[in-house]
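Written out below as C-alpha cells is the structure these notes cover.
Here, each number is a calculation from the coordinates, and none is a lab measurement. Keep in mind that this is a model prediction, so the values were computed, not measured. Cβ placement follows ideal geometry from the backbone for every residue including glycine, while neighbour counts extend to all protein chains displayed.
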C-alpha cells in the first residue's frame, strides 16, 4: 500500500517535525530508489529504498577568513564591493566557510552582529555565480536604513548586464508578472498565476551578435532569480544558466561559459547617513568579452 513520503519519513524520524521533513524533501535531500524526490506528497511503497541526507548545521557565528575583497568604495558606514562569480554571500549548508561574510568579518572586525549574527552587514544578495556590485552596512544605523530601502526598492536602482542566447523581441520592453516557486520543481522559480510576488524587469538590447546579445536590465523588484526567469520567458535565456538556460547552446560556444553570464553592473542609492546620491559600478568581467560575445555598444 502506498503512503505519502513525508508521512513515512516522520514515522522513521520521530525527532523531526513535519515542517523539517518537508524542508528536507523540497531542498533535495531525500532520495527514493536513488532518485531525488522533491514533493512531500509523493507516493512510496514498502519496497522502496529511502535515503535521507541531513545537512550539517550552519555555525552559529561565522569566523573571519583572509579572503580578498575588491573594494569599490568604503567609509565608516558602508562598503561597496565587486563580488566575483563563484563566491557565496553567506554561510549555508554546503558552504559553511569561504563566503563573503567570512571575508567581511576579517576586513571589518567591528561588523559582527550588525543586522544579525549569521549574516552581518548583508542587506541584499547576489546568486553565487552572479558577479558585480554589492553594498554592505557597517553600522546598525546604516543596516536599518538600507534594509528598509532594499526591501521596498525606494531610492534604489539596480542595473544588470546579461549575455543571452538570441535577441529579445521586442528589443526593449518591460516585463511585469508574478514570480513564485515552480509548482513542478520546488528548487526553481517560475512565472505563476497565483501565490507569487510581483516582479518587474525593464530591459533593452545593448548589442547583438548572430547568436548572443548583451542586454541591460533595470529591475524595480528583487525577486529570487528574477532576471534569469524573465529573460528565459522571452525565449532568450542567460548564457551559461544551468537552471533556466539551454545547455546545448552553451556547449556550442567556444570557449563554453563557465557560469551564468549575469553581472550586477551598476547600483545607485542614497547614502544611509548623509543621504547623498551615490552610484557604484563594477567593471564588466572578462568572460563577457569572449570571442562569441557582441562588442560593446
Whole-Å semi-axes of the chain's equivalent ellipsoid (Cα gyration tensor): 34, 28, 18
Checking the a/c ratio against 1.5 first, then a/b against b/c, what shape does the Cα gyration tensor give for the stretch 80-222? prolate
Sequence of 181, 18, 214 once ranked by neighbouring C-beta atoms within 10 Å, starting from the fewest: 18, 181, 214
Report the rotationally averaged projected area of the stretch 170-228 based on its alpha-carbon convex hull, in square nanometres. 4.7 nm²
The chain: relative contact order from alpha carbon pairs under 8 Å, six or more residues apart, as a whole percent, is 15 percent
Only bridges with both residues in the chain count here: give the DSSP antiparallel percent, nearest 5. 95 percent
If you build a Gaussian network model of the chain, linking Cα atoms that sit under 10 Å apart, which residue out of 202, 155, 33 swings the most? 33
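Given contacts defined as C-alpha pairs under 8 Å and at least six residues apart, what's the relative contact order of the stretch 160-264, whole-number percent?
On the way: 218 pairs, mean separation 32.4, N = 105.
This gives 31 percent for the stretch 160-264.
Restricting to DSSP H runs of at least four residues, report the calculated mean residue ellipticity at 222 nm for the chain, -39500 (n - 2.57) per run over all residues, nearest 500 deg cm²/dmol. Mind dumping the intermediate values first?
Values: 6 runs with 52 residues, N = 297.
Mean residue ellipticity at 222 nm (helix-derived): -5000 deg cm²/dmol.
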Once normalised by the length of the stretch 57-152, the mean sequence separation of its alpha carbon contacts under 8 Å that are 6 or more apart gives a contact order in percent of 32 percent
So how far, in whole Å, is the C-alpha centre of the stretch 13-56 from the one of the stretch 85-115? 30 Å
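Within a 10 angstrom radius of the beta carbon, how do 157, 139 rank from fewest other beta carbons to most?
Working: 157 13, 139 18.
Ranking 157, 139 by Cβ neighbours within 10 Å, fewest first, gives 157, 139.
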Which ordering of 97, 236 is given by a fewest-first count of other beta-carbon atoms within 10 Å? 97, 236
Could I get the Rg over Rh figure for the stretch 1-128? Both from C-alpha atoms, Rh via Kirkwood, rounded to two places. 1.15
Note to self: C-alpha centroids of the stretch 135-197 and the stretch 210-263 sit apart, in Å, by 15 Å
Taking a ≥ b ≥ c as the square roots of the Cα gyration tensor eigenvalues, with a/c under 1.5 meaning rounded and otherwise prolate when a/b beats b/c, else oblate, which class fits the stretch 3-52? oblate
Write down Rg/Rh for the stretch 71-150, rounded to two decimals, with Rg from the C-alpha atoms and Rh from the Kirkwood relation over Cα pairs. 0.93
